[in-house]
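Contents: one structure, followed by commentary.
The values are calculated or read from the model by the stated rules, or taken from the named source; none is laboratory data. No experiment lies behind these values; they were computed from the predicted model shown. Cβ placement follows ideal geometry from the backbone for every residue including glycine, while neighbour counts extend to all protein chains displayed.
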Amino acid sequence: MVNITVEASDNDNDLEEIRLYINGIGVARSVEDVLQYEYHPEETTGNIKILAEAWDKENQFAEDEILINVGSAAPIADFEVSQTTVEPGEVIEFTDKSTLLPTKWQWVFQDGTTSWEQNPTHSFPTGGEFPVKLIASNEYGSDSTQITIICNGPGVTDIEGNQYETTTIGDQVWFAENLRVTTYNDGQPINFTIGDQDWLTNSANYCWPADNVAYAESWGALYNFYVVETDKICPHGWHVPSHDEFMQMIDYVSQNGQNPVAIALKANSGWPLIHNTNGNGTDEFGFSLLPNGWRWWPHGDYDGGIGTLWTSTANDQFSAHYIEIWYNNDYTFHMAHFHEWGFGIRCIKD
């Protein structure tokens, strides 16, 4: 779309009308001293001549013209949606409104799926906030814009399409599983590392428990605190809980549970039997904590038989707070360790 404004004046205040022509075809006229017109090139490309004439009542006129080139610039991305608040499975229509002749459209739905159609439809499998992005492009460049869709329903889907159960504890809504995403919520990949020395770099890293991706589905990934600090690891509408938010949940479980907090938060299966000690809990609140273990610093190796979760709260410039629960006791430990340690992450709703 091209917005055209023509202004004219007459020394004798004898202006009769303004006339507008595009490529020799009259498209608009006005008896006022200002004419405004929205021109939609549609499939037109190349040079377009825009001519304006100002006539007075004595049949005298003045004219001016300009040339514009359509199709030699990157498009301006824009779109509309049929609705911005839906239920899981409800179909949404996405309508492209981009200008300046895009030739390709990429839709990123933030649930692990994309579309290359100009006007796709889509539905979301779980609840959450999904900032849907349209990237419109042509041979001269690209542009993007986004609209956030709110899907009201249980569960959460991350940017890779991993789905998570949730649980409500008091007035907080928590992930009931450890995060296993390998991409930040802005689409950038998180660095994956296996070797012990690589793990000790002062950069954001993740690994799988025991360096085995088979544990990803049940135990999630282990992340160092540099990942937490980005504030981009949880799905949109969620965040890594602070130490105070963890304490609020622990206090609620302590006051309302039938067992010690560690027992109430642990899953009722999946913990090891070590030295004749059954590490399973009662999972009274649906938190379902499992022994995801940790990645040590400075050695970089893995240790299991313990459930660990980062908080987002720094202890000092070198360390941060986390929560740990062991297989063989009833205690919930609130500790601090160096940023290079690898722990699990649970997300809490904003």
*When residues of region 102-116 are filtered for being more than 17 Å from THR148 (Cβ to Cβ) and among the charged types (D, E, K, R), how many remain?*
1
_Residue that is surrounded by the most Cβ atoms within 10 Å (Cβ to Cβ) [pool: residues in region 220-237 that are among the charged types (D, E, K, R) and assigned to a loop (DSSP other than H, G, I, E, B)]_ = LYS232
*asked:* Go through region 143-178 and report how many residues are in contact with a Lys or Arg (Cβ under 8 Å, 6 or more places away or on another chain) and assigned to a strand (DSSP E or B).
replied: 8
*Can you work out which of the residues in region 60-70 that are surrounded by fewer than 17 Cβ atoms within 10 Å (Cβ to Cβ) and either within 47 Å of the chain's Cα centre (by Cα) or over 21 Å from GLU7 (Cβ atoms) (or both) is modelled with the lowest pLDDT?*
ASN69
_Which listed residue is over 13 Å from the mean Cα position of the chain (by Cα), surrounded by 18 or more Cβ atoms within 10 Å (Cβ to Cβ) and not basic (Lys, Arg), from ASN152, ASN162_ = ASN162
*When residues of region 317-349 are filtered for being at pLDDT 95 or above and in a loop (DSSP other than H, G, I, E, B), how many remain?*
3
*Just need a number here: residues in region 322-350 that are within 19 Å of ILE169 (Cβ to Cβ) and under 29 Å from the mean Cα position of the chain (by Cα).*
10
*Specify the residue that is nearest to the chain's Cα centre (by Cα); the eligible residues are those in region 126-149 that are at pLDDT below 90 and of a type outside the set (Asp, Glu).*
GLY128
*Do you know which of the residues in region 127-149 that are within 20 Å of SER82 (Cβ to Cβ) and of a type in the set (Ser, Thr, Tyr) is surrounded by the most Cβ atoms within 10 Å (Cβ to Cβ)?*
THR145
